[in-house]
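Let me begin by presenting the structure, written as structure tokens, before commenting on it.
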Amino acid sequence: MDINWAPLLGECEQKGSKLIFKGGITEYQGIPSVSIGNFITNQSFAGGTITAEIEFDNIEDATGCSIIFYYDSAQSSFVMAGLGSGNLYSIKSFYQGRWTTHSFAGDPKNLKPGQKYKLCISVLGSNVALPRG
């Protein structure tokens, strides 16, 4: 089955197999905030490995890219793993309006613009890991 993507949030586009989020500033509840970009795919995920190559044009305090590998639409909750946004690497969840950081490592100051990062997420049951790609 072909993998298809559709943008949900933020200024996003697809060029071939590349998904591009343009970033920027938006307003949330009347307060300026960084933009968030989300894509959705036609594929389901029940465990295994997800890999992605990530590159940032520039780096700011809230720069990050995560992959949401579990989403519960009834609860508006999700679990994600990624780069940046407070830590170099992290596994986080959002549930009932609150963020929980389950695991993190590294200083986000080590993210560099123009460098390609291979993000590898391994999920087996309730175990989530960010093994070296």
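The values are calculated or read from the model by the stated rules, or taken from the named source; none is laboratory data. Only a predicted model underlies this, so the values are computations on that prediction, with no experimental measurement involved. Note that we place each Cβ from the backbone using ideal geometry, even for glycine, and neighbour counts take in every protein chain shown.
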**OP:** Identify all residues within segment 45-74 that are touching a Lys or Arg at 6+ places or on another chain (Cβ under 7 Å) and among the charged types (D, E, K, R); write none if there are none.
**Re:** E53, E55
Subject >> Enumerated strands (runs of 3 or more DSSP E) restricted to segment 33-133, each holding at least 2 residues that are polar (S, T, N, Q) and at negative phi >> reply: 38-41, 48-55, 87-95, 98-105
Original post:
Quick check: anything in segment 19-28 in a loop (DSSP other than H, G, I, E, B), modelled with pLDDT under 90 and farther than 20 Å from K116 by Cβ?
Top reply: yes
**OP:** Would you mind stating whether S17 is more than 20 Å from S85 (Cβ to Cβ), among the polar types (S, T, N, Q) and either crowded, with 16+ Cβ neighbours inside 10 Å or outside the structural domain of K118 (by TED's automatic domain parsing) (or both)?
**Re:** yes
**OP:** Identify the residue in segment 110-124 that is charged (D, E, K, R) and surrounded by 10 or more Cβ atoms within 10 Å (Cβ to Cβ) and, among all such residues, is nearest to Q75 (Cα to Cα).
**Re:** K118
Subject >> Residues (in contact with a Ser or Thr (Cβ under 9 Å, 6 or more places away or on another chain), buried (at least 16 other Cβ atoms within 10 Å of the Cβ) and of a type in the set (A, V, I, L, M, F, W, C)) located in segment 68-105 >> reply: F78, V79, M80, A81, L83, I91, F94
Subject >> segment 49-67: number of residues that are crowded, with 17+ Cβ neighbours inside 10 Å and free of Cβ contacts under 8 Å to residues at least 40 places away in the same chain >> reply: 1
**OP:** Might you check whether a residue that is within 15 Å of the chain's Cα centre (by Cα), closer than 23 Å to K22 by Cα, among the hydroxyl-bearing types (S, T, Y) and at pLDDT 95 or above occurs anywhere in segment 90-109?
**Re:** yes
**OP:** Please tell me if N127 is surrounded by 10 or more Cβ atoms within 10 Å (Cβ to Cβ) and without any contact (Cβ under 8 Å) to a residue 24 or more places away in the chain.
**Re:** no
Original post:
Condition test on L9, is it surrounded by 10 or more Cβ atoms within 10 Å (Cβ to Cβ), in contact with a Cys (Cβ under 8 Å, 6 or more places away or on another chain) and outside the structural domain of L124 (by TED's automatic domain parsing)?
Top reply: no
Subject >> Boolean, F45 is surrounded by 17 or more Cβ atoms within 10 Å (Cβ to Cβ) and out of contact with any Cys (no Cβ under 6 Å at 6 or more places or on another chain) >> reply: no
